[in-house]
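These notes are about the structure you will find just below.
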Amino acid sequence: MRKTIVAGNWKMNASKESVKKLIAGILSGMDGVKSEVLVCAPFPYLSQVESLIVGSEIRLGAQNLNINESGAFTGEVSASMIKDFGAKHVIVGHSERRSIYGETSAIVAEKVKASLEAGLTPLLCVGESLEQREGGKTESVVAEQINAVIELVGINVFNNIIVAYEPVWAIGTGVTASPEQAQSVHLFIRSLLGENNETIAQTTPILYGGSMNAGNANELIACPDIDGGLIGGAALKAEDFLHICKAG
Ligand code: 13P
């Protein structure tokens, strides 16, 4: 039985004041939440969130990392630094990083490797653009993104990876994939993992992301291969985020 995981990706949205309010709001509503709850904060706020969540069930993650351990990489942040602030997770290969910062599947795979080596559990994001979906390429795009990681790190480490299917056309657009569309890609991802190792395929959490909100979370998370959500906009409001956390 896979546990439901609800992760907030705050993206580049935070201030000390808003973080204080948001975490306080989430903490005040955690009673009755059965899902694992995770918040992925921008780097400067990791320390603040680390202190605010002490003693709670909430886990902390970052949103990106550099593949090197340390050295002359001005402006970059390593996996060990992220871990130093109590984070257990890091988002890798978000479509915004792939499209705006040119991260290829090969780079994403290296980032997965670096995060695993440091003892972080990566949230590996995959997903197709609207053009790719309309061109019938959804499965080949997602397969290429997942296979690049399997080729570099092997299937066995997927027991320590969370996959997030985030169709690019659904991110920040208010257009959510229908439960049928999402379930079908999730099942495809699970079969792809299963071609390599069936046990790993059955235990790897696969989250859905893309305009998931308090109104549509229930029906998405109810799908057999959807194990939770990676939430952008709705993760910035404690009430909405908690509603999604309770959907699991
Ligand atoms: P939205 O929930 O704002 O569509 O963002 C989804 C996302 O990109 C999470 O990583």
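List of remarks:
- Test: residue in segment 179-188 that is within 15 Å of the ligand (Cβ to nearest atom), touching a strand residue (DSSP E or B) at 6+ places or on another chain (Cβ under 8 Å) and not in a helix (DSSP H, G or I): no
- Of all the residues in segment 218-227, those that are part of a helix (DSSP H, G or I) and in contact (Cβ under 8 Å) with a residue 60 or more places away in the chain number 1.
- Whether a residue is more than 19 Å from Asp225 (Cβ to Cβ), open to solvent by less than 40 Å² (accessible area, probe 1.4 Å) and more than 18 Å from the chain's Cα centre (by Cα) was assessed, and Gly194 does not pass this test.
- Taking segment 25-39 as the range and being over 15 Å from Gly8 (Cα atoms) and within 19 Å of the chain's Cα centre (by Cα) as the test, only Lys34 passes.
- Among residues of segment 54-68 that are hydrophobic (A, V, I, L, M, F, W, C), those with a beta-carbon under 7 Å from a residue that is buried (at least 18 other Cβ atoms within 10 Å of the Cβ) and part of a strand (DSSP E or B) at least six positions away or on a different chain give the pairs Ile58/Val37; Ile58/Val39; Leu60/Val39; Ala62/Cys40; Ala62/Val90; Leu65/Ser78; Leu65/Val90.
- Residues in segment 153-178 that are assigned to a loop (DSSP other than H, G, I, E, B), within 14 Å of the chain's Cα centre (by Cα) and hydrophobic (A, V, I, L, M, F, W, C) were compared, and the one that is farthest from the ligand (Cβ to nearest atom) is Ile161.
- For Glu103, the conditions (1) surrounded by 19 or more Cβ atoms within 10 Å (Cβ to Cβ); (2) within 28 Å of Ile226 (Cα to Cα); (3) touching a residue at least 12 places away in the same chain (Cβ under 8 Å) all hold with the exception of (3).
- Residue match in segment 146-157 (condition: in contact with a helix residue (DSSP H, G or I) (Cβ under 8 Å, 6 or more places away or on another chain) and acidic (Asp, Glu)): yes
- Candidate set: segment 197-216, residues that are within 11 Å of the ligand (Cβ to nearest atom) and without any contact (Cβ under 8 Å) to a residue 60 or more places away in the chain; chosen: the one most open to solvent (accessible area, probe 1.4 Å): Asn213
- Of all residues in segment 166-179, at least one satisfies being buried (at least 19 other Cβ atoms within 10 Å of the Cβ) and under 24 Å from Val33 (Cα atoms).
- In segment 125-137, of all residues being open to solvent by less than 50 Å² (accessible area, probe 1.4 Å) and in contact with a helix residue (DSSP H, G or I) (Cβ under 6 Å, 6 or more places away or on another chain), the one that is nearest to Val92 (Cα to Cα) corresponds to Val126.
- Per this entry, Leu230 is not counted among residues that are within 15 Å of the ligand (Cβ to nearest atom), farther than 19 Å from Gly136 by Cβ and in a helix (DSSP H, G or I).
- With respect to (1) open to solvent by less than 30 Å² (accessible area, probe 1.4 Å); (2) part of a loop (DSSP other than H, G, I, E, B); (3) not aliphatic (A, V, I, L, M), the lone exception for Gly8 is condition (2).
- Test: residue in segment 77-94 that is within 13 Å of the ligand (Cβ to nearest atom), open to solvent by 10 Å² or more (accessible area, probe 1.4 Å) and without any contact (Cβ under 8 Å) to a residue 60 or more places away in the chain: no
- Residue pairs meeting the criteria (Cβ under 6 Å; at least 6 apart or on separate chains; first under 21 Å from Gly210 (Cβ atoms), in segment 183-196; second in a helix (DSSP H, G or I)): Phe188/Glu139; Arg190/Ala201; Leu192/Ala143; Leu192/Ile146; Leu193/Ile200; Leu193/Ala201
The values are calculated or read from the model by the stated rules, or taken from the named source; none is laboratory data. Keep in mind that this is a model prediction, so the values were computed, not measured. We place every Cβ from the backbone using ideal geometry, glycine too, and count neighbours over all the protein chains shown. For the accessible areas, the whole protein counts, side chains as well, though only heavy atoms, and no ligand, DNA or RNA atoms are used. Shrake-Rupley method; radii C 1.70, N 1.55, O 1.52, S 1.80 Å.
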